[in-house]
Amino acid sequence: MRMSYNIEGGDFSAAGRASSEVKRTLKQFNISPLVLRRIAVALYEAEMNVVAHARNGAMQVDIQPHYISVVIEDEGPGIEDIARAMEEGFSTATDEVRQMGFGAGMGLPNIKKNSDRMMLTSTPGVGTRLELTVNF
Amino acid sequence: MVKDRNYRHSIQIDRDKCIGCSHCMRVCSTQAIRIVEGFASISPERCVDCGECYRVCPQRAIYAKDDGLASVHDNACRIALVPSVFIGQFPSEYSATQVLKAVKAVGFDEVFEVEQAVDFMKEAYRAMEQKDHLRPLISSYCPAVVRLIQVQYPSLTHHIMLLKAPHDIAALYLRLAKEKEGLDSGKIFIYYVTPCAAKIVAARAPVGESVSPIDGTINMTEMYNRASRILWGEKNPGLHKTTANMSPDSVNWSLSGTEKHYFTGRSLAIDGMENVIEFLEKLESGHIADIDFLEMRACDQGCAGGILCPGNRFLTVERLEQRQKKLQRLKERDHDRVDNPLMAYSETLHSLSGVEPVYPRDGLLLDDDMEKALVKLQRIKKLLTYFPGFDCGACGAPSCRSLAEDIVKGRASISHCVFVQRVMEKNYKLSPDQAFIVIEKIWGKDRLNKYNDSNANDA
Ligand SMILES: Nc1ncnc2c1ncn2[C@@H]1O[C@H](COP(=O)(O)OP(=O)(O)OP(=O)(O)O)[C@@H](O)[C@H]1O
Ligand code: SF4
Ligand SMILES: [Mg+2]
């Protein structure tokens, strides 16, 4: 089962819509609430990264009987040093973004913690692609 | 996976009054209501007894099923448990003592104010704080909120505090105290005067408890009508308390914003269904962090806004604030002393105050089997492309999405959508007579007969 959602960069008012929709869909399945929570958190953080750091993007969701796999792709500045971006506390968030309550540098580490598989690739100046899988 | 499958709920539809107008269906937060054969119908697995439907019903066809005054036993020790909001229904010139006396005169041997158990709750909160626990803890006070979480936020159920509510603690205390006086426990009957439907079920079929210490529930409006007649008839000014029998702010515990002060750290008080939902949605996504305690009430202004409270919620809040001040003066006059007999039992009560973990409900599930559920979801997506997306409600479901869900669950058919119906008629897939029958199946027989062609001249 595939679903896809657009994510608008910089639009904090609508932020979290895509991950909310996915969460709502998953509640209709017999999956453990703890797994549901992990997916919700990972997707929310991934969506927020597009909103906070990129121009626009999309979330593509594939739900299978035993797992969910999600690709979040965006057009934006990309990430120069992925290893650093993955460090807890590392953030390049602007003051504006920080005022909105983001920029603790915990998003990517949280995504890693909450997913069973995660792959982050990026071309600086072009965009970023994050792929993650969570098993049910 | 452990699930809670006790779907008992208190909100009911009176078919003699219901005209199937769908007001209730549109306000239900959990999409639990459909219109079937001209009547509103509630899905028990989704109903959280918040009572939003009760508030909007223009026919007064929705009621909360309580045990009622008629259930009160003769020849037993009958105790009425009265929450402070009940006292707040009466103008401030009537003292709490007077109001409680009037309740007693309705037909009880004793009357006890629920909020006397709050001193114990405060102690229990302090003990709870010491323990290592998940943050935020969510108050278990409002049963509608607890059930909303069970139905709609399954991943948050383990945040709910595993503590009984004050009315349960008060009832436990009364049993202990009466037994100590030598009364046979089988002869003690405790009735709770309830401000809402949610508390009716919580008192009789509690989440996380196998038996309830409460024997019956009485609708607050019914009690108000009886007690006020007695009270208005009294000419002489009544008695007042001479000592504070509970700490002053306890009277506000059921409102919004008092409970949260008894948890150190970051605590929030949220009231009103919509606000609660908006917050839980964010909390579930990890959007909100570093909160220690959440006090939540389904009703605006907390229990002062309960559906069975006859008075105005804002007046009730103001009166309870006045009462807090009165109790404060008594307390100060008595060298800052509070004389609450319940606290003598606090140690025993602590050992009885816990509840079993709260588990999610299946209210939103499409199918137990993952593969079947996926097929159903696939169909829902397909169906949604056929529907207009107006959520017009003419199909008897609150939204196009709900109709699609009902169809894959075998509870409705695609011809229920009036837009699809027109197309089917045009393509001769459905005869006008068949379409007529479909509408009658949803909105009831003869619902379409109000207009006939001879009326056409008037239009
Ligand atoms: N989609 C993206 N496009 C460009 N840069 C990104 C993207 N996602 C992450 N980054 C970079 O990686 C850094 C770390 O990301 P991470 O999500 O861990 O923290 P954050 O977004 O800065 O703060 P937080 O997620 O705690 O609000 C970001 O500050 C940003 O420099
Ligand atoms: S806020 Fe109070 S009155 Fe309203 S549903 Fe909750 S417990 Fe009942
Ligand atoms: Mg981030």
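The values are calculated or read from the model by the stated rules, or taken from the named source; none is laboratory data. Since the model is a prediction, treat every value here as computed from it, not as a measurement. Cβ placement follows ideal geometry from the backbone for every residue including glycine, while neighbour counts extend to all protein chains displayed. What goes into the accessible areas is simple: the full protein's heavy atoms, side chains included, and nothing from ligands, DNA or RNA. Shrake-Rupley method; radii C 1.70, N 1.55, O 1.52, S 1.80 Å.
For the protein assembly as shown, taking Cα atoms only, what is the radius of gyration to one decimal and the Dmax to the nearest whole Å?
27.5, 86
Of all the Cα-Cα pairs you can form in the range B:370-458, what percent are over 14 Å apart?
Percent of Cα pairs beyond 14 Å in the range B:370-458: 68.
Compute from the Cα atoms of the range B:257-297 the Rg and the Dmax, the latter being the longest Cα-Cα distance, and quote both in angstrom.
10.2, 27
Could you name the lysines whose alpha carbon sits less than 28 Å from that of residue A:113, not counting residues in the same chain fewer than 8 places away?
A:23, A:27, B:3, B:131, B:282
Quick one: grab Rg to one decimal and Dmax as a whole number for the range B:291-444, Cα atoms only, in Å.
Expressed in Å, the Cα Rg and Dmax of the range B:291-444 come to 27.5, 86.
Please compute the length gained on full extension between residue B:312 and residue B:261, using 0.36 nm multiplied by the number of residues separating them and subtracting their Cα-Cα distance.
Full extension of this stretch gives 15.8 nm more.
Too long at a 19 Å Cα-Cα cut-off: which of B:101/B:122; B:65/B:260; B:381/B:409?
Exceeds cut-off: B:101/B:122; B:65/B:260.
Using a Debye calculation, one point per C-alpha and no hydration shell, please list log10 I(q)/I(0) for the range B:54-117 at q = 0.17, 0.27 Å⁻¹ in order.
Log10 I(q)/I(0), no solvent term: -0.75, -1.13.
Counting other Cβ atoms within 10 Å, keep those with at most 15, restrict to DSSP loop, and tell me which GluC sites (Glu not before Pro) in the range A:1-89 are left.
Passing both the DSSP loop test and the Cβ count: A:80, A:87, A:88.
Treating cross-link reach as a plain straight distance, find the aspartates and glutamates whose alpha-carbon is under 15 Å from the alpha-carbon of residue B:104, omitting any fewer than eight places away in the same chain.
Correct list for residue B:104: B:74, B:113, B:222, B:234.
Compute the label zone of residue B:329 within the range B:78-93: residues whose backbone N is under 16 Å from the point 7 Å along Cα-to-Cβ.
B:92-93
Which loop-located chymotrypsin sites (Phe, Trp or Tyr not before Pro) does the range B:323-431 contain, where loop means any DSSP state but H, G, I, E or B and the Cβ has at most 13 other Cβ atoms within 10 Å? Don't jump to the answer; show the numbers that get you there.
Details: sites: B:345, B:386, B:390, B:419, B:428; in loops: B:390, B:428.
Qualifying residues, ordered by number: B:390, B:428.
How much length would be gained if the chain were fully extended between residue B:185 and residue B:242, taking 0.36 nm per residue of separation minus their Cα-Cα distance, in nm to one decimal?
17.4 nm
Counting other C-beta atoms within 10 Å, and keeping those with at most 13, which DSSP coil trypsin sites (Lys or Arg not before Pro) do you find in the range B:108-189? List each step's numbers first, then the result.
Working: sites: B:122, B:126, B:131, B:147, B:164, B:175, B:178, B:180, B:187; in loops: B:131, B:164.
Qualifying residues, ordered by number: B:131.
Which three numbers, in whole Å and largest first, are the semi-axes of the equivalent ellipsoid of the range B:1-131 derived from its Cα gyration tensor as √(5λ)?
In descending order, the three semi-axes are 34, 23, 16 Å.
Taking the Cα-to-Cβ direction at residue B:2 and at residue B:369 and moving 7 Å from each Cα, how far apart do the two end points lie in nm?
Label-label distance for residue B:2 and residue B:369, simple model: 2.8 nm.
Could you rank B:215, B:339 by how accessible they are, 1.4 Å probe, largest area first?
Ranked from most to least accessible, the order is B:339, B:215.
Per residue, what accessible area does the range B:370-458 have, given a 1.4 Å probe and all protein chains present, in Å²?
Accessible area per residue: 61 Å².
Calculated FRET efficiency, residue B:274 and residue B:381, Cβ-Cβ r, R0 22 Å, to nearest 0.05?
0.20
According to a simple spin-label model (label point 7 Å from Cα along Cα-to-Cβ), what is the distance in nm between residue B:352 and residue B:41?
A separation of 4.3 nm, rounded to one decimal place.
Probe radius 1.4 Å, ligands and nucleic acids left out: can you give me the accessible area buried at the A-B interface, summed over both chains, in Å² to the nearest hundred?
Values: alone 7840 and 21790 Å², together 27190 Å².
Roughly 2400 Å² of accessible surface disappears when A and B pair.
In whole percent, and with a 1.4 Å probe on the protein chains, what portion of the accessible area of the range A:2-135 is carbon and sulfur?
Result for the range A:2-135: 46 percent of the exposed heavy-atom area is carbon or sulfur.
What residues of the range B:140-187 lose no less than 50 Å² of accessible area with every protein chain in place versus their chain by itself (probe 1.4 Å, heavy atoms only)?
Buried-area filter returns B:155.
Run through the DSSP bridge list for the protein assembly as shown and note the antiparallel percent, rounded to the nearest 5.
Once the DSSP bridges in the protein assembly as shown are tallied, antiparallel ones form about 65 percent.
Gaussian network model of chain A, Cα springs within a sub-10 Å range: biggest mean-square fluctuation belongs to which of A:19, A:32, A:69?
It is A:32.
Using every alpha carbon pair in the range B:69-352, what percent of pairs falls into each 5 Å bin from 0 up to the bin containing the largest distance?
In whole percents, the pair-distance histogram is 1, 6, 12, 17, 19, 18, 13, 8, 4, 2, 0, 0.
In chain B, once you exclude exposed GluC sites (Glu not before Pro) (DSSP loop, at most 13 other Cβ within 10 angstrom), what's the longest stretch remaining?
Between the exposed loop sites, the longest stretch runs B:235-459.
Any chance you could look up the accessible area of residue A:90 with a 1.4 Å probe, heavy atoms only, rounded to 10 Å²?
60
Using only the alpha-carbon atoms, what does the range A:1-124 span along each of its principal axes? Please give whole angstrom values in decreasing order.
41, 27, 26
How big is the antiparallel share of DSSP beta bridges in chain B, given as a percent to the nearest 5? Don't skip to the end; give the middle numbers.
On the way: 8 of 29 bridges.
Once the DSSP bridges in chain B are tallied, antiparallel ones form about 30 percent.
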